[in-house]
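First the structure, in the form of C-alpha cells, and then the observations on it.
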Amino acid sequence: MTSVADRDDPTTAPLFTSTTPTICDLLDHGKVYRPQHDSDLLIEAVQNSNHAVGAVAADLCTGSGVIARAIAHLGARSVVAVDASDDAVRVARALCTDSSDRVAVRHGDVATFRGRFDLVTCNPPYVPSPPDGRIREPGLPRAAWEAGVDGRAVLDVVCSTAADLLNPGGHMYVVQSEFAGIDESVAALRTAGLAADVVMERHIPFGPVLSAHAAWLESGGRLDKGRRIELLAVIRADKKPMPGGSSR
C-alpha cells in the first residue's frame, strides 16, 4: 500500500511535520494511537472522490489528527477534528500546526457532537473485545480500539447520527474492520436515510491489537483458526441534495 506520506503531492505531505518531544513521547509511549493502514485507506478514498475540495468538514475520533490534516491539505475550507482523549487533542493540534487556519481540534464525544458539514470522516474504535476486559495490549491506548463485544459501540452511534451531521448533498466516509460488521454499518446508514456502499477494501495483516484478540475471536467462531489477515473497508454514505440542488 502506498502511504499518504510517500506521495509527492503537496496536499499529502509527511504525516508528522513536528518532531517536538511532546508529540514523539505521546505517540511512542502509547497515549495516542499511531496512524495505521485504516487511516491511509480512508484518506485515499477521500482523495479519490475529490469531496474534500472546498468542503466544510469534520473528522470524528480524530486520534493523531492525521486524517483531519490530510483533508485540509486536500482542499477543505475548514475541518473540525474531534476526539474524547485529551492526549489525542494535544497531539492533533500539534500535528495540524501547518493547517491551523483551517483545522480546529476540539475535545468531545461523537455521541454529543453537533453541526452540519459537507464532508464527515471517521476512523472509530472497532475491535471487538470481551466484556470482562481481560485482553490488554500494553503500550496501545485502549480507548482508541476497544469497541464492545461486537465492535460496534462507536460505529452504531456514528451511523445513527450521520444524517444529522451532513448538509444536503454531503458525504460521510467511515473505515472499519470486517470483524465489526461491514454489512451492519451499510444497513444502519441506509436506515438513517443515506445512500451507502463500500467504496474501498483492502486486506492487511493483523496488527498487535487483533493479534492479541485472535484466540478470543477464534473461540467465538468469528475467525478461522490460524488466519491472521483482516479485511478493511471504507463505507461512503451520501445525503440527498435539496430539490433543485446538486451533490458535491
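The values are calculated or read from the model by the stated rules, or taken from the named source; none is laboratory data. The structure displayed is predicted, hence computed values, not measured ones. Positions of Cβ are generated from backbone atoms using ideal geometry, with glycine treated the same way; all protein chains shown enter the neighbour counts.
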(request) Name the single residue, out of those in the stretch 198-227 being touching a residue at least 24 places away in the same chain (Cβ under 8 Å) and of a type in the set (D, E, K, R), that is surrounded by the fewest Cβ atoms within 10 Å (Cβ to Cβ). (result) 201
(request) Would you be able to tell me the number of residues in the stretch 187-234 that are in contact with a Lys or Arg (Cβ under 7 Å, 6 or more places away or on another chain), among the aliphatic types (A, V, I, L, M) and not in a loop (DSSP other than H, G, I, E, B)? (result) 4
(request) Collect the residues in the stretch 153-186 that are of a type outside the set (Val, Ile, Thr), touching a helix residue (DSSP H, G or I) at 6+ places or on another chain (Cβ under 9 Å) and more than 15 Å from residue 117 (Cβ to Cβ), keeping them in residue-number order. (result) 155, 156, 159, 160, 176, 177, 179, 180, 181, 184, 185
(request) Check off (1) in contact with an Asp or Glu (Cβ under 9 Å, 6 or more places away or on another chain); (2) surrounded by 15 or more Cβ atoms within 10 Å (Cβ to Cβ); (3) not acidic (Asp, Glu) for residue 195 and give me the number that stays unchecked. (result) (2)
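Take residue 162 and tell me if it is surrounded by 18 or more Cβ atoms within 10 Å (Cβ to Cβ), modelled with pLDDT of 95 or more and assigned to a strand (DSSP E or B).
On the way: surrounded by 18 or more Cβ atoms within 10 Å (Cβ to Cβ): yes; modelled with pLDDT of 95 or more: yes; assigned to a strand (DSSP E or B): no.
Considered against the rule, which asks whether it is surrounded by 18 or more Cβ atoms within 10 Å (Cβ to Cβ), modelled with pLDDT of 95 or more and assigned to a strand (DSSP E or B), residue 162 comes out as no.
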(message) Being in contact with a Ser or Thr (Cβ under 9 Å, 6 or more places away or on another chain) and closer than 16 Å to residue 57 by Cα narrows it down to one residue among 151, 169; which is it?
(response) 169
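Do we find that residue 157 is free of Cβ contacts under 8 Å to residues at least 40 places away in the same chain, surrounded by fewer than 24 Cβ atoms within 10 Å (Cβ to Cβ) and out of contact with any Asp or Glu (no Cβ under 8 Å at 6 or more places or on another chain) in this structure? Spell out the reasoning first.
Details: free of Cβ contacts under 8 Å to residues at least 40 places away in the same chain: no; surrounded by fewer than 24 Cβ atoms within 10 Å (Cβ to Cβ): yes; out of contact with any Asp or Glu (no Cβ under 8 Å at 6 or more places or on another chain): yes.
Spelling it out, it is not the case that residue 157 is free of Cβ contacts under 8 Å to residues at least 40 places away in the same chain, surrounded by fewer than 24 Cβ atoms within 10 Å (Cβ to Cβ) and out of contact with any Asp or Glu (no Cβ under 8 Å at 6 or more places or on another chain).
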